[in-house]
Every structure is written in structure tokens, then in C-alpha cells.
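J.: Structure below; questions to follow.
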Amino acid sequence: MSAVAYDSLLSTTAVISTVFQFLSGAMICRKYIQKKSTGDSSGVPFICGFLSCSFWLRYGVLTNEQSIVLVNIIGSTLFLVYTLIYYVFTVNKRACVKQFGFVLIVLVAVILFTNRLEDQRDRMIHVTGIVCCIVTVCFFAAPLASLLHVIRAKNSESLPLPLIATSFLVSLQWLIYGILISDSFIQIPNFLGCILSLLQLCLFVLYPPRSYSGHGYKLVEQAVPF
């Protein structure tokens, strides 16, 4: 198999697995619709997912990486739909609007700033890539508090195993793809994503869950991957 064919196969499988990961939000929204309430869950993961996918969509357009463009068109659309569903069923609509408004301001501000660098296309791509990395790394850092809780409690039942395993496989695919196309902005966040997922998987070995019926698996409802 040629290098080009291998790149194409890897990018295709990475796109498919990432879309399936994004679709986990549909199960959460289905519960909202059935209960006609979002309960005490937060809409921030959906809103942040929209922001992340929108930035990566911008990066894909600038670098002409069709796989990045495709997966993030799907991702940003799905997260926007999830956000709208959350808004319909949440009682705290004002907070949801404020959060989404803030994200839109950040998104527009970055786009306007990078548009001023149109005559310096390499710098335009570089700045956009840095923003994408910062946003993604911040999202990856979110579960660190959960890791500390697991270590203190010596019990991993608060970690959603299927979600973590899926995140590891998706991050690994994009890491390899980033290496093949020599794109450090794709490599760095996905390398960190692999490390974080591996750390969480190791905790399942070190501190086996005492029960899968505990409160911990409810975290899946809020831990929407982006």
C-alpha cells in the first residue's frame, strides 16, 4: 500500500471514529427529550465542543486538509444541535445564552484577528493552529480533577471506561495522521490526549471499580467528547 493510500485510509477511519464519538451526545440529548429536562447537567461540554470544532474547521480550511474540514463540519453542526436541544429543555436559559454568546465572541474575534494576517498566510495558519491547540489542551485538562479523586478514593468507578477507551483510539488515529502529514498542531493535542487517556485506563488497573452501578457512570451524561 502506497503512503498516499495509507494516509487516505487512516484519515477516513479517523473521521468515522471521531463522528461516532461526537454522536455520544445524541444519547444525552435523547434523555433530555424523554425527561423534558436537563436536570443538573451542564451545557458547557456542548458549547465548548462547538467552539473547538469551529476552530479546527477554520484550521482545516486554511491548510486545505479535507479530512479535518469534513469531521469538523459534522462536529460543529452536531454540537450546535446539541446546544439548541439543551437550551430548549434547560431551566437556566439565561446562563446558556451567556455561555454561547461568549463562545461566539471568542470565535469571531479570533477569525477577525487572523483575517488581518491574510498577506502572511503561514503566520495566519500558525496563529490559528496555536489557538486550536490551546483550546483542545484546555479541554483535555478538564478530567484531571477526576483523576485526583480516583487516586484519593482508590476507586475508578467514577470514570466512564467506554468513553475513555474511545477517546484513546481516536486521539491515537489523529496523532498518527498528524505524524504522516508532518503537522505538529495535530500531533501535539492528540499526543496529550493519548497520554491522558492512558493515565485514566491505568487507573482502572490500579484501582478497579468496586461497582459499575455507582454514581460515577452518570458522568458519561456530561463528559461529551470534543
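The values are calculated or read from the model by the stated rules, or taken from the named source; none is laboratory data. Bear in mind the structure is a predicted one, so any value in this text is a computation, not a measurement. So basically every Cβ, Gly included, is an ideal-geometry build from the backbone, and we count neighbours across all protein chains shown. All accessible areas refer to the heavy atoms of the entire protein, side chains included, with ligands and DNA or RNA removed. Shrake-Rupley method; radii C 1.70, N 1.55, O 1.52, S 1.80 Å.
J.: Could you identify which residue out of 193, 178, 101 has the top mean-square fluctuation in a GNM of the chain using Cα springs shorter than 10 Å?
T.: 101
J.: For all pairs of alpha-carbon atoms in the chain, what percent lies in each bin of width 10 Å, listed from the first bin to the last filled one?
T.: 8, 31, 34, 22, 6, 0
J.: In the chain, what percent of the accessible surface is made up of carbon and sulfur (1.4 Å probe, ligands and nucleic acids excluded)?
T.: About 69 percent, which is the carbon plus sulfur part of the accessible surface.
J.: Still on this structure, I have one more. Would you mind calculating the relative contact order of the chain from Cα pairs under 8 angstrom and at least 6 residues apart, reporting the percent as a whole number?
T.: 27
J.: Pick out the long, greasy-scoring helices in the chain: whole DSSP H runs spanning 15 Å or more along their own axis by Cα, mean Kyte-Doolittle at least 0.0.
T.: Correct list, ordered by number: 3-22, 44-63, 66-89, 93-115, 121-141, 161-180, 184-206.
J.: Calculate, for the stretch 3-206, the solvent-accessible area per residue in square angstrom, rolling a 1.4 angstrom probe over the heavy atoms of the protein chains.
T.: Accessible area per residue: 52 Å².
J.: Continuing with this model, one more query. What is the magnitude of the charge dipole of the chain about its Cα centre, with +1 placed on the Cβ of each Lys and Arg, -1 on the Cβ of each Asp and Glu, and no other charges, expressed in debye to the nearest 20?
T.: 940
J.: Next question. Divide by every residue of the chain the summed helix terms, -39500 (n - 2.57) for each DSSP H run of at least 4, and state the resulting mean residue ellipticity at 222 nm, rounded to the nearest 500 deg cm²/dmol.
T.: Taken over the chain, the calculation gives -26000 deg cm²/dmol.
J.: Could you calculate the FRET efficiency of residue 16 with residue 116 from 1/(1 + (r/R0)^6), where r is the beta carbon distance between them and R0 is 35 Å, rounded to 0.05?
T.: 0.45
J.: Now, a different point. Based on a Kirkwood Rh over C-alpha pairs, give the Stokes-Einstein translational diffusion coefficient of the stretch 34-87 at 10 °C and viscosity 1.306 mPa s in µm²/s.
T.: 135
J.: For the chain, with a Gaussian network of springs between Cα atoms less than 10 Å apart, report the residue from 139, 22, 113 with the top mean-square fluctuation.
T.: Largest GNM mean-square fluctuation: 113.
J.: Over the chain, how many pairs of lysines fall under 28 Å by alpha carbon, counting only those 8 or more apart in sequence or from different chains?
T.: 12
J.: Taking the Cα-to-Cβ direction at residue 61 and at residue 207 and moving 7 Å from each Cα, how far apart do the two end points lie in nm?
T.: 4.4
J.: Now for a different question. Going highest first, how would you order 71-82, 88-99 by mean Cβ packing within 10 Å?
T.: 71-82, 88-99
J.: Would you mind calculating the relative contact order of the stretch 78-206 from Cα pairs under 8 angstrom and at least 6 residues apart, reporting the percent as a whole number?
T.: 21
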